[in-house]
1. Identify, by number, the condition in (1) at pLDDT 95 or above; (2) under 20 Å from residue 138 (Cα atoms); (3) not in a helix (DSSP H, G or I) that residue 95 doesn't meet.
2. Select the helices (runs of 4 or more DSSP H) contained entirely in region 233-340, then report the ones holding at least 1 residues which are closer than 30 Å to residue 58 by Cβ and open to solvent by less than 10 Å² (accessible area, probe 1.4 Å).
3. Give the residues of region 254-299 that are within 16 Å of the ligand (Cβ to nearest atom), of a type outside the set (A, V, I, L, M, F, W, C) and touching a helix residue (DSSP H, G or I) at 6+ places or on another chain (Cβ under 6 Å), sorted by residue number.
4. Which members of region 103-134 meet the condition of being open to solvent by less than 30 Å² (accessible area, probe 1.4 Å), touching a helix residue (DSSP H, G or I) at 6+ places or on another chain (Cβ under 9 Å) and not in a loop (DSSP other than H, G, I, E, B)?
5. Could you tell me whether residue 131 is modelled with pLDDT of 95 or more, farther than 20 Å from residue 232 by Cβ, within 16 Å of the ligand (Cβ to nearest atom) and among the basic types (Lys, Arg)?
6. Scan (1) open to solvent by 20 Å² or more (accessible area, probe 1.4 Å); (2) closer than 22 Å to residue 60 by Cβ for the single condition residue 221 breaks and write down its number.
7. Is it true that residue 137 is at pLDDT 95 or above, open to solvent by 50 Å² or more (accessible area, probe 1.4 Å), among the β-branched types (Val, Ile, Thr) and over 21 Å from residue 53 (Cβ atoms)?
8. Quick one: in region 58-86, of everything that is out of contact with any helix residue (DSSP H, G or I) (no Cβ under 7 Å at 6 or more places or on another chain) and more than 16 Å from the ligand (Cβ to nearest atom), which residue is most open to solvent (accessible area, probe 1.4 Å)?
Amino acid sequence: MGSAPPPPAAEAPATDPLAGQAVDFVRQFHRERPGGGDPAPRVRQVLAEIERTGTYEHTAEELAFGARLAWRNAARCIGRLYWRSLVVRDRRGVDSPDELAAECFDHLRAATNGGRIRPVITVFAPDRPGRPGPRIVNQQLVRYAGHTTPEGALVGDPAGAGLTALARESGWKGGEERFEVLPLMVRRRPEEEPHWFEVPEDAVLEVELSHPEHAWFAELGLRWYAVPAISDMTLEIGGIRYPAAPFNGWYMGTEIGARNLADADRYHQLPEVARRLGLDTSSERTLWRDRALVELNVAVLHSFQEAGVTIADHHTESERFLRHIAQEERLGRPTPADWSWIVPPVSGGLTPVYHRYYDPVDPDLRPAFLPRVPDAPS
Ligand code: ARG
């Protein structure tokens, strides 16, 4: 070869935005992973693959690392201390809706783990040029149905109303009960009709709520599921988008006790809890809402604990998050965080996460979990 060697591919101008993102990711992968190594050969390989096919395939290790990084980068998540422990299920080869649903149910079983909740992500096929990946229509793998009766009464979880309506249009017959798990709805391609699958009972662990001091609390008939598994976000790694990549952690009690069961546009339980507690609800100044809210949150933590299901209280999870920030700082990395999401919805000022600012959130930070691009009604 008489001519000068071509410039290393890593330095090639990234005219294709995918190429640029791919190179950034491969370099970060090699920089951070134990044993490091020279990224150049893999960079060249990826660029050649993009040139040839318009996309590229992550190795299993890249996928696992990318998914964990997406968690580490999630500015709204207080639970990031354990980002390295995320269990990554590589299911990119799954194509049929039946198989995809079965894998989601296995995800729930693996995450539930008899109550010792494990953080898990299942990654299905990415979007490729001319060949979009599958979509899960549900916001979470497990969520309760909800609807408004013709008389205007709310039944179930209003947050599940959209999916309830869609499922019924597709022939699902349920949705009448207060805590009824919605079917899993899957589109093989964004434009295709959704298929629905009833979530098998053995894949859903639920906890019935009781209170350590108030026996009447159990009569409220409240319950919640054990595994919060977000299924409507796109995982983006090195420019590749995985539109179906459900992931879960464990609950922090306030998500259930101070939002899902308390918000006026969710289960709206504070007036009933206050009434049972015998509180004076004639004036806001009695703080009956606040007092009812605390007891509801006590019940959530108590019940999960009694049932042997992992749950965190907001004091402990706040302290863990500050430990996470300190640990990242020692490694020379910032921890972007969104204060308004990190501070718990009760007793904010009692937790250490309230009393400080955070590294700014960069919307271009990758890998990331991105809100679903609206390609389909949900
Ligand atoms: N806040 C949502 C819910 O109550 C779940 C969000 C994710 N939460 C988590 N602990 N990983 O269902």
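1. Only one criterion is unmet by residue 95, namely (1).
2. Values: elements: 270-277, 288-307, 314-330.
Fully inside region 233-340 and qualifying: 314-330.
3. 254, 257, 265, 266, 297, listed by residue number.
4. Across region 103-134, the qualifying residues are 104, 105, 107, 108, 112, 115, 120, 121, 122, 123.
5. Details: modelled with pLDDT of 95 or more: yes; farther than 20 Å from residue 232 by Cβ: yes; within 16 Å of the ligand (Cβ to nearest atom): no; among the basic types (Lys, Arg): yes.
No, not satisfied.
6. Only one criterion in (1) open to solvent by 20 Å² or more (accessible area, probe 1.4 Å); (2) closer than 22 Å to residue 60 by Cβ is unmet by residue 221, namely (2).
7. Values: at pLDDT 95 or above: yes; open to solvent by 50 Å² or more (accessible area, probe 1.4 Å): no; among the β-branched types (Val, Ile, Thr): yes; over 21 Å from residue 53 (Cβ atoms): yes.
No: the conditions fail for residue 137.
8. Within region 58-86, the match that is most open to solvent (accessible area, probe 1.4 Å) is 61.
The values are calculated or read from the model by the stated rules, or taken from the named source; none is laboratory data. The structure displayed is predicted, hence computed values, not measured ones. Here the Cβ is made from the backbone with ideal geometry for all residues, glycine too, and neighbour counts use every protein chain on show. Side chains are part of the model used for accessible areas, which takes the heavy atoms of the whole protein and leaves out ligands, DNA and RNA. Shrake-Rupley method; radii C 1.70, N 1.55, O 1.52, S 1.80 Å.
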